[in-house]
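S.K.: Right, I'll just put the structure down here and ask away after.
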């Protein structure tokens, strides 16, 4: 089980680290509202194909938390990330996403009464320092970017933190695929409504030169970065702790920065050092205390 959770963590880091560049590519032919809605609808379709029959196993008492989890962990962030990337580089967005573990610890302590060790808290603080260095350097390298849009990512990290604590506290006994499928039951229809009112289904939209390629990028994102990754993530939450599971966001920026560099985005030596500081935070968060 110990080795298994690290395998899940690495796989998720690669998948989600790649998601940011896919969003960037998707925005070439789609506006952020179309992108968020299309991602929601396609992810829902993929998950329904994989496990629609599991819906009947969800208890009535669990539906409240599954619906809340769907909106906090999937629906709203899908739009917020797309909106943010209209102004901020994909690599920087991934770095801002590293606030999730810090918020998970603080929210777990304050609201969900989930305890964390001093070493875990130290780890997320160190990780946050590394994140801050990456953000500051990113702002310096890209002075023309509107970093007020970072607020959309910060808000998403709060929602992700609440979601991971909800799963751990209230949905521990529900199978990961069932949670993922249940999440999309209440949000697919709103996603279709948004697509309709943003003129997604018009001939003018279909005739855009970059439309088909952008849809392909979002289809890849929906299948791997959302549908498949959510099942893996929920499983990781159940076999580890909320803090360990959310620490996937510490490794994601390294993957995302690599994709950003290949796509022409720039980052400095200081940002590489900051990435190393982030990894130190991951180590401290997940290092067990020695028994006396």
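The values are calculated or read from the model by the stated rules, or taken from the named source; none is laboratory data. Computed from a predicted model, the values in this text were never measured in an experiment. Glycine also receives a Cβ, built like all others from the backbone with ideal geometry; neighbour counts cover every protein chain displayed.
S.K.: Starting from residues that are farther than 25 Å from residue 52 by Cβ and at pLDDT 95 or above, keep the ones in the range 213-245 and report whichever is surrounded by the fewest Cβ atoms within 10 Å (Cβ to Cβ).
M.R.: Checking each candidate, the answer is 213.
S.K.: Could you check the range 140-164 and list, in sequence order, the residues that are farther than 30 Å from residue 67 by Cα and free of Cβ contacts under 8 Å to residues at least 24 places away in the same chain?
M.R.: Pass one, the range 140-164, residues farther than 30 Å from residue 67 by Cα: 140-147.
Across the range 140-164, the qualifying residues are 140, 143, 144.
Every residue, every condition in (1) more than 22 Å from residue 95 (Cβ to Cβ); (2) over 20 Å from the mean Cα position of the chain (by Cα), yes or no:
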site: 168; (1), (2): yes, no
site: 203; (1), (2): yes, yes
site: 211; (1), (2): yes, yes
site: 223; (1), (2): yes, no
site: 240; (1), (2): yes, no
site: 256; (1), (2): no, no
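S.K.: Answer yes if at least one residue in the range 57-73 is crowded, with 24+ Cβ neighbours inside 10 Å, under 30 Å from residue 262 (Cα atoms) and out of contact with any strand residue (DSSP E or B) (no Cβ under 6 Å at 6 or more places or on another chain), and no otherwise.
M.R.: Yes: the range 57-73 contains one or more residues that are crowded, with 24+ Cβ neighbours inside 10 Å, under 30 Å from residue 262 (Cα atoms) and out of contact with any strand residue (DSSP E or B) (no Cβ under 6 Å at 6 or more places or on another chain).
S.K.: Of all residues being without any contact (Cβ under 8 Å) to a residue 60 or more places away in the chain and part of a loop (DSSP other than H, G, I, E, B) in the range 113-131, which is nearest to residue 265 (Cα to Cα)? Just the residue, please. Show your work before the answer.
M.R.: In the first step, residues of the range 113-131 are kept if they are without any contact (Cβ under 8 Å) to a residue 60 or more places away in the chain; the result is 113, 115, 118, 121.
Pick out the ones that are also part of a loop (DSSP other than H, G, I, E, B) and you get 113, 115.
Details: 113: 41, 115: 39 Å.
Per the stated criteria, the residue is 115.
S.K.: Based on what the data block shows, is residue 134 surrounded by fewer than 21 Cβ atoms within 10 Å (Cβ to Cβ), in a helix (DSSP H, G or I) and at pLDDT below 80?
M.R.: Criteria not met by residue 134.
S.K.: Among the residues of the range 264-278, is there at least one that is surrounded by fewer than 19 Cβ atoms within 10 Å (Cβ to Cβ) and modelled with pLDDT of 90 or more?
M.R.: no
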